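Here's the structure we're looking at; comments come further down.
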């Protein structure tokens, strides 16, 4: 899979075992920016002790406004800690020992081949908490099928409806159709959301949508698509207002401000009218305080 990589929809075919890097920038090694207990996920994931987040370096999507740009962009090759599948499994076990409610794999797409080794290895060593696949939604159905049975909870974005915006901001004009097909596979694998007695999610799919300033109409289309395809309780929705300009957006002046209260209120009304269940955010979420410091801590080396 890594000698001619087609794990993500870019289908770049890079020989990562020979040191080649495709769109995502990753070779055949695993590079992690941080492994920590994270309390900024949805309540059913963070709980009281935090989700066991593993922030992978590199990204196959490359959004111009990425809040994790320190480990996903051009500097990703110099950031984070290198490990292998065994070290990754030990990282999962370390997070479990620290009390994590789950293992939250953040931007894992380009490491799917490694995860097919690391997750069974961690289970054999005693990992007993759910695995969360936290991604940008830009996934190949074929890759997701290889993960069937390994992932308990899918946490994809559904960022855009319009091909214009997905190309302008994420270099992916095929984003909407690709993400919808991927989410359909995720829902097929997990079924309807399930929870334990403490209200923690044990299985299911949560779709995130991060509102962008001025794109209320696109958000409305995204919410309608979710209701049309996966309404009736098949998924939960997390409608996010936390967009904060934290990269160089001088070429995108329309993104140099935040989502207004009116824009977000309209989206919340739309979500309610469509009968979508899930979470919304209050104004306090709009800051950079939820962005962790990617210092490589918590990672078990090879």
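The values are calculated or read from the model by the stated rules, or taken from the named source; none is laboratory data. Remember, predicted model here, so these are calculated numbers, not experimental data. FYI the Cβ positions are ideal-geometry reconstructions off the backbone, even for glycines, and counts take in every protein chain you see.
For residue 147, the criteria (1) touching a helix residue (DSSP H, G or I) at 6+ places or on another chain (Cβ under 8 Å); (2) surrounded by fewer than 20 Cβ atoms within 10 Å (Cβ to Cβ) hold in every case but one, which is (2).
Pairs are defined by a Cβ separation below 6 Å, a sequence spacing of at least 6 or placement on different chains, a first member in region 75-104 that is on the phi > 0 side of the Ramachandran plot and in contact (Cβ under 8 Å) with a residue 24 or more places away in the chain, and a second member that is crowded, with 17+ Cβ neighbours inside 10 Å and part of a loop (DSSP other than H, G, I, E, B); the pairs so defined are 80/57; 80/296.
Rundown of residues vs (1) surrounded by 13 or more Cβ atoms within 10 Å (Cβ to Cβ); (2) at pLDDT 95 or above, yes/no style:
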{"site": "229", "(1), (2)": "yes, yes"}
{"site": "234", "(1), (2)": "yes, yes"}
{"site": "240", "(1), (2)": "yes, yes"}
{"site": "252", "(1), (2)": "yes, yes"}
{"site": "257", "(1), (2)": "no, no"}
{"site": "266", "(1), (2)": "yes, yes"}
{"site": "285", "(1), (2)": "yes, no"}
{"site": "289", "(1), (2)": "no, no"}
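Those strands (runs of 3 or more DSSP E) of region 1-107 in which at least 3 residues are closer than 26 Å to residue 171 by Cα, considering only elements entirely within it, cover 30-38, 51-56, 103-106.
The sole residue among 69, 114 that is over 30 Å from residue 257 (Cβ atoms) and either in contact with a helix residue (DSSP H, G or I) (Cβ under 9 Å, 6 or more places away or on another chain) or in contact (Cβ under 8 Å) with a residue 60 or more places away in the chain (or both) is 114. All of (1) buried (at least 17 other Cβ atoms within 10 Å of the Cβ); (2) touching a residue at least 60 places away in the same chain (Cβ under 8 Å); (3) touching a strand residue (DSSP E or B) at 6+ places or on another chain (Cβ under 8 Å) hold for residue 212 with one exception: (3).
For region 47-69, filtering for residues that are touching a strand residue (DSSP E or B) at 6+ places or on another chain (Cβ under 7 Å) and surrounded by fewer than 21 Cβ atoms within 10 Å (Cβ to Cβ) leaves 1. For residue 85, the criteria (1) in contact with a helix residue (DSSP H, G or I) (Cβ under 8 Å, 6 or more places away or on another chain); (2) modelled with pLDDT under 95; (3) within 22 Å of residue 300 (Cβ to Cβ) hold in every case but one, which is (2).
For region 149-172, what are the residues that are part of a loop (DSSP other than H, G, I, E, B) and out of contact with any strand residue (DSSP E or B) (no Cβ under 6 Å at 6 or more places or on another chain)? Matches in region 149-172: 149, 150, 159, 160, 161, 162, 171, 172.
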